[in-house]
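Student: Starting off with a structure, shown below.
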Amino acid sequence: MSNRLIDLQNITKAYDGHKVLDDLNLYFNENEFLTLLGPSGCGKTTTLRILGGFETPDEGRVIFSGQDITSLPPNKRQLNTVFQKYALFTHMNIAENIAFGLKISGKSKAYIDDKIKYALKLVNLDGYEKRMPDSLSGGQQQRIAIARAIVNEPKILLLDEPLGALDLKLRQEMQYELIRMKNELGITFIYVTHDQEEALTMSDTIVVMNQGYIQQIGTPEDIYNEPKNAFVADFIGDSNIFPGTMLEDKVVEILGNIFPCVDTGFGHNTPVDVVIRPEDVELGIPGAGTIDGVVSHLIFKGVHYEMEVTACGQEWLVQSTRMHPVGERVSIKIDPFNIQIMNKPESKDEEAVALDV
């Protein structure tokens, strides 16, 4: 990552008295693939629309390369937006769709022709100049929408759930295409999605949002392996989340049983949330682990088996390449490094506001 390109400073936005963003502060670096991730209504699309100039914040500033662009209209900003609905002009062929913004800018025909060829090659649609939008598949239309955006040479490309309408296989192919395009273009991609796998696959940086607040900022590895709170742990991948008590440094009580861990600084007898990823639960013969249980559910997922184990009155989600049939008694063992300890929020407001981002 290099220089800071854009800053959102103290952004607040409300609709009908309901705050969608509350004092949000966030910055974006040059040549970064940053994803805004969160459930519906978390504020991610509003953040993108404020960046694009389609919404004006009630409070706060948008700073681009040191300049305040908060009140600047979308067509005056050095960025382009690609929406889930491709918004291609159905009465124009592909070349005319791609050239639309360049013609408005008064570029020469030779310049425009070169840009069309370059953009179509970049999105792997060479020779599609004369085709009409309705003759293309959804994935091809999405590529044309991206081509139309990039010919204007924006410093930032905003993408608002652009793959949401595609089927799973095509969506996965487009994820790799977007990574390739971003690397080839050398521009900043800011991507909005509620799809955790999409975010983990493509991003340099993920910003997890909930109820208008940033919950955590980090690399995909940080977000998955070191979630800052139970919301992030639950939203990113599968998790076992149990109430626990931090008895002292490196010792936690979970469901009445003592587990060694590696966390410190929580004090003595402190209520905490405990997060254990299902792939980190080791099953063995009864008595070989910390607690025993019974396999209550089993699904084959292709690369692994997914099991539920009833132990200490709770269901434990387990993912393993080794199958244990329903009804088998097993032990549960957790490596201390794979037990994540988090402060338990004291109120609903504190649950929504991440204090440590």
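Student: Among (1) over 11 Å from L36 (Cα atoms); (2) crowded, with 17+ Cβ neighbours inside 10 Å; (3) in contact (Cβ under 8 Å) with a residue 40 or more places away in the chain; (4) of a type in the set (D, E, K, R), which single condition is R171 missing?
Tutor: (3)
Student: Which pairs turn up if I take residues in region 280-303 that are without any contact (Cβ under 8 Å) to a residue 12 or more places away in the chain and look for partners that are not in a helix (DSSP H, G or I) with beta carbon separation below 6 Å, at least 6 apart in sequence or on another chain?
Tutor: Partner pairs satisfying both residue conditions: I299/E306.
Student: OK, next. In this structure, does T70 turn out to be of a type in the set (S, T, N, Q), surrounded by 15 or more Cβ atoms within 10 Å (Cβ to Cβ) and either part of a loop (DSSP other than H, G, I, E, B) or at pLDDT 95 or above (or both)?
Tutor: yes
Student: Please name all residue pairs, on different chains or six or more residues apart, with Cβ atoms under 8 Å, provided the first residue is in region 260-278 and is in contact (Cβ under 8 Å) with a residue 60 or more places away in the chain and of a type in the set (A, V, I, L, M, F, W, C) and the second residue is part of a loop (DSSP other than H, G, I, E, B) and open to solvent by 60 Å² or more (accessible area, probe 1.4 Å).
Tutor: Once the first residue is in contact (Cβ under 8 Å) with a residue 60 or more places away in the chain and of a type in the set (A, V, I, L, M, F, W, C) and sits in region 260-278, its partners that are part of a loop (DSSP other than H, G, I, E, B) and open to solvent by 60 Å² or more (accessible area, probe 1.4 Å) give C261/K250; V262/K250; F266/D249; V272/K344.
Student: Out of T56, T90, T35, which single residue is β-branched (V, I, T), under 22 Å from G139 (Cα atoms) and part of a loop (DSSP other than H, G, I, E, B)?
Tutor: Among T56, T90, T35, only T90 is β-branched (V, I, T), under 22 Å from G139 (Cα atoms) and part of a loop (DSSP other than H, G, I, E, B).
Student: Tell me the residue from D113, D22, D58, D7 that is of a type outside the set (A, V, I, L, M), in contact (Cβ under 8 Å) with a residue 24 or more places away in the chain and closer than 27 Å to N183 by Cα, please.
Tutor: The conditions single out D7.
Student: Collect the residues in region 270-288 that are touching a helix residue (DSSP H, G or I) at 6+ places or on another chain (Cβ under 6 Å) and open to solvent by less than 10 Å² (accessible area, probe 1.4 Å), keeping them in residue-number order.
Tutor: V275, the sole residue that qualifies.
Student: Which residue is farthest from A311 (Cα to Cα), if the candidates are limited to region 321-344 and must be among the hydrophobic types (A, V, I, L, M, F, W, C) and not in a strand (DSSP E or B)?
Tutor: Of everything passing the filter in region 321-344, F337 is farthest from A311 (Cα to Cα).
Every residue, every condition in (1) at pLDDT 90 or above; (2) within 30 Å of N10 (Cα to Cα); (3) not β-branched (V, I, T), yes or no:
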position: T201; (1), (2), (3): yes, yes, no
position: D204; (1), (2), (3): yes, yes, yes
position: V207; (1), (2), (3): yes, yes, no
position: Q215; (1), (2), (3): yes, yes, yes
position: G218; (1), (2), (3): yes, yes, yes
position: N225; (1), (2), (3): yes, yes, yes
position: V232; (1), (2), (3): yes, yes, no
position: S239; (1), (2), (3): yes, no, yes
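Student: Here is a further query. Mind telling me which of the residues K103, K76 ends up being open to solvent by 70 Å² or more (accessible area, probe 1.4 Å), free of Cβ contacts under 8 Å to residues at least 24 places away in the same chain, basic (K, R) and within 27 Å of T46 (Cβ to Cβ)?
Tutor: Only one candidate qualifies: K76.
Student: Run down K115, K121 and say which single residue is open to solvent by 20 Å² or more (accessible area, probe 1.4 Å) and within 18 Å of M174 (Cα to Cα).
Tutor: Of K115, K121, the one residue that is open to solvent by 20 Å² or more (accessible area, probe 1.4 Å) and within 18 Å of M174 (Cα to Cα) is K121.
Student: Looking at I206, I236, I214, I187, which is the one that is buried (at least 19 other Cβ atoms within 10 Å of the Cβ), touching a residue at least 24 places away in the same chain (Cβ under 8 Å), more than 10 Å from the chain's Cα centre (by Cα) and closer than 23 Å to V20 by Cα?
Tutor: Only one candidate passes the filter, namely I214.
Student: One residue is enough: does region 97-110 have a residue meeting the conditions touching a Lys or Arg at 6+ places or on another chain (Cβ under 8 Å), within 30 Å of M209 (Cα to Cα), charged (D, E, K, R) and not in a helix (DSSP H, G or I)?
Tutor: No, region 97-110 contains no residue that is touching a Lys or Arg at 6+ places or on another chain (Cβ under 8 Å), within 30 Å of M209 (Cα to Cα), charged (D, E, K, R) and not in a helix (DSSP H, G or I).
The values are calculated or read from the model by the stated rules, or taken from the named source; none is laboratory data. All of these numbers come straight from a predicted model, not from anything done at the bench. Virtual Cβ from ideal backbone geometry, glycine too; neighbours counted across all protein chains shown. What goes into the accessible areas is simple: the full protein's heavy atoms, side chains included, and nothing from ligands, DNA or RNA. Shrake-Rupley method; radii C 1.70, N 1.55, O 1.52, S 1.80 Å.
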